[in-house]
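Report on the following structure.
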Amino acid sequence: MRIVGRRGVCASAYLGGVVHVVLGVSMAPTTVHTVLVGGENADGVIVDQDNFEPHLTATRQPSPRPNQVISAILGAREDAAADGDQVMSTGVTWVDPADAATLREGLAVGKIENVVLVSALSAAAALARAFGSAAHYAHTALLYVEPNSATLAVVYTPDGSVVGLRQRSLPEDDDAAVAGLVEMVKGAAEMEPRPEGVFVVGSGVDIPLNQAALETRRRCR
C-alpha cells in the first residue's frame with residue numbers, strides 16, 4: 001500500500017480582480033495555525049499562513065485557545081481585506097470538545113458568521129477522501145496521529161463514510177511510538193474492507209518525519 005502525507009494545494013481563483021479565499025484554522029493543543037487558501041472551495045494556492053503560540057496571561061498561564069482563535073479569525077479577515085482578498089468562509093478544526101464549545105459560544109456572542117467547526121478527525125477523513133478520489137481508490141486508510149495516540153480508519157471514497165476504526169495510545173519514546181505506528185499501518189492490510197493506500201495526517205506531530213520513518217520501517221520488514 002502507498003503511504004502519503006498531507007501536502008499543499010495548487011491553482012487559484014479570481015473574480016473581478018478580487019481573490020476569493022477560504023480561511024482554515026487549526027486549534028491544536030499547543031498552537032493555533034491559520035492558512036488562507038485561494039478559491040471558494042479552497043482548491044487554490046496557499047495565499048498566507050501563520051502559527052500562534054498561546055499568550056501568557058497576567059498569572060503566567062496560557063490564555064484560552066478559543067479567544068486566540070477568534071482574534072486570529074478577525075485579524076486574518078482584516079489582513080485579507082486590506083490585500084483586496086475576500087474571505088468566503090472559515091473552517092476551524094478542534095481537538096478538545098471543551099475548546100470547541102467555548103469557541104462556538106464566543107463566535108455567537110461576537111456575532112461572527114460563516115465559521116464552521118469540524119473535529120480534527122472529521123477534517124482528516126475529508127482529506128483522505130479527497131486523496132482517495134484523486135488516486136481512484138474505493139477505500140483509503142487514514143492514519144491520524146496525535147502526540148499521545150493514533151487512530152487508523154478506513155474511509156469509503158464515494159461518500160466519505162468511515163467503515164472501520166482502530167485506536168491505540170502511543171508511548172513517549174519516539175522510536176517506540178514509530179514502531180507502534182508501523183504496526184498500525186501493517187494492520188491496515190488486514191482491515192475489511194481492505195484499503196488501497198494509507199493517508200497520514202496529524203495534529204501536533206512532525207508528519208513528514210513520521211512518514212519517512214514509516215516508509216523506512218515498512219521496507220525493512
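One line per residue, one yes/no per condition, for (1) in the same structural domain as Leu23 (by TED's automatic domain parsing); (2) part of a helix (DSSP H, G or I); (3) surrounded by 15 or more Cβ atoms within 10 Å (Cβ to Cβ):
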{"residue": "Ala72", "(1), (2), (3)": "yes, yes, yes"}
{"residue": "Gly75", "(1), (2), (3)": "yes, yes, no"}
{"residue": "Ala81", "(1), (2), (3)": "yes, yes, no"}
{"residue": "Val87", "(1), (2), (3)": "yes, no, yes"}
{"residue": "Val92", "(1), (2), (3)": "yes, no, yes"}
{"residue": "Ala98", "(1), (2), (3)": "yes, yes, no"}
{"residue": "Thr102", "(1), (2), (3)": "yes, yes, yes"}
{"residue": "Gly106", "(1), (2), (3)": "yes, yes, yes"}
{"residue": "Lys111", "(1), (2), (3)": "yes, no, no"}
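Every residue, every condition in (1) at pLDDT 75 or above; (2) exposed (fewer than 14 other Cβ atoms within 10 Å of the Cβ); (3) at positive phi, yes or no:
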residue	(1), (2), (3)
Val182	yes, no, no
Glu190	yes, yes, no
Pro195	yes, no, no
Val198	yes, no, no
Gly202	yes, no, no
Ile207	no, no, no
Ala213	no, no, no
Arg219	no, yes, no
| remark: Conditions (1) closer than 17 Å to Gly202 by Cβ; (2) touching a strand residue (DSSP E or B) at 6+ places or on another chain (Cβ under 7 Å); (3) surrounded by fewer than 18 Cβ atoms within 10 Å (Cβ to Cβ); (4) at pLDDT 90 or above -> Asn148 fails only (4)
| said: Checking the conditions here, which among Val115, Val163, Val178, Val154 is surrounded by fewer than 21 Cβ atoms within 10 Å (Cβ to Cβ), at negative phi and either modelled with pLDDT of 90 or more or touching a Pro at 6+ places or on another chain (Cβ under 6 Å) (or both)? | reply: Val115
| Filtered residue count, segment 138-189, keeping only those that are polar (S, T, N, Q) and not in a loop (DSSP other than H, G, I, E, B) | 5
| Which residue pairs have Cβ atoms closer than 9 Å, lie 6 or more positions apart in sequence or on different chains, and pair a first residue in segment 155-177 that is of a type in the set (Phe, Trp, Tyr) with a second residue that is crowded, with 16+ Cβ neighbours inside 10 Å? | Tyr156/Arg129; Tyr156/Gly132; Tyr156/His139; Tyr156/Thr140; Tyr156/Val162
| said: Here is a check on your reading of the model: is Val163 out of contact with any helix residue (DSSP H, G or I) (no Cβ under 9 Å at 6 or more places or on another chain), in the same structural domain as Ala126 (by TED's automatic domain parsing) and β-branched (Val, Ile, Thr)? | reply: yes
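The values are calculated or read from the model by the stated rules, or taken from the named source; none is laboratory data. What you see is a predicted model, and the numbers here were worked out from it, not measured in a lab. FYI the Cβ positions are ideal-geometry reconstructions off the backbone, even for glycines, and counts take in every protein chain you see.
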